[in-house]
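Coordinate-derived values only; no laboratory data. Source: prediction; values computed, not measured. Cβ placement follows ideal geometry from the backbone for every residue including glycine, while neighbour counts extend to all protein chains displayed.
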Amino acid sequence: MMKQTKVLELQSETLDQIYTHAMVEFPDECCGIILSDGAREFVRECRNIQNERHAEDPDTYPRDARTAYLIDPNDLIRVHKEAETQNRPIKAFYHSHPNHDAYFSEKDKADAMAWDEPVYPGAAYIVVSVYDREVKTVKAFAWSEANTDFVEVHIYAKPHV
């Protein structure tokens, strides 16, 4: 594996919002998107519709929201429109792992890929580990051209200004 060089800089307020979202949604996974205009970050909580899909079609969606997430397509469309009209590109996606460690699972990787290419090559993927409504760890992963894979990257929390 190649040396890790990328750092994901996030405002500490952004991390606080993500942690709160993860704790509120516990024991289900939360999910959301971070937009940035270069100076500010905007956390957009999304609705996890995994339980709905699981209830409708358990063969196609065997997991429920305690171990999986699916961003509501309407939320994704809304965030894309904001990104385009407000010039706030997608900086990162996030989701939580209730009662599990923070890692980028094979399912996470598969969901982030299309035709062996990352869907959002410039975006990071943040995973928050939450045990009993308490955040234990947070990790971030980003696409590495050199590795042709997602690799863990360091998160630098910029202090409150």
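Per residue of the range 109-123, in order, report the coupling 6.51 cos²θ - 1.76 cosθ + 1.60 (Karplus, θ = phi - 60°) as ³J(HN,Hα) in whole Hz, putting x for Gly and Pro.
Computed from phi, the couplings for the range 109-123 are 5, 4, 5, 8, 10, 8, 6, 6, 10, x, 5, 10, x, x, 8 Hz.
List the GluC sites (Glu not before Pro) within the range 121-161 that fall in a DSSP loop (any state other than H, G, I, E or B) and whose Cβ has at most 10 other Cβ atoms within 10 Å.
GLU145
HN-Hα J couplings of the range 65-78 from phi, Karplus 6.51/-1.76/1.60, θ = phi - 60°, integer Hz, Gly and Pro as x?
For the range 65-78, the Karplus-derived couplings read 6, 6, 10, 7, 9, 9, 5, 4, x, 5, 5, 5, 5, 4 Hz, x marking Gly and Pro.
If you plug each phi of the range 21-32 into the Karplus form 6.51 cos²θ - 1.76 cosθ + 1.60 with θ = phi - 60°, what whole-Hz ³J(HN,Hα) values come out, in order, with x for Gly and Pro?
4, 5, 6, 5, 7, 3, x, 8, 6, 9, 8, x
So for the pair THR148, ALA114, with labels modelled 7 Å out along Cα→Cβ, what separation do we get in nm?
2.1
What ranking of HIS100, HIS95 emerges when the number of other C-beta atoms within 10 Å of each C-beta is taken as an exposure proxy, fewest first?
Least to most surrounded, the residues fall as HIS100, HIS95.
To the nearest 20 debye, what is the magnitude of the charge dipole of the range 80-161 about its Cα centre, counting +1 on the Cβ of each Lys and Arg and -1 on the Cβ of each Asp and Glu?
420
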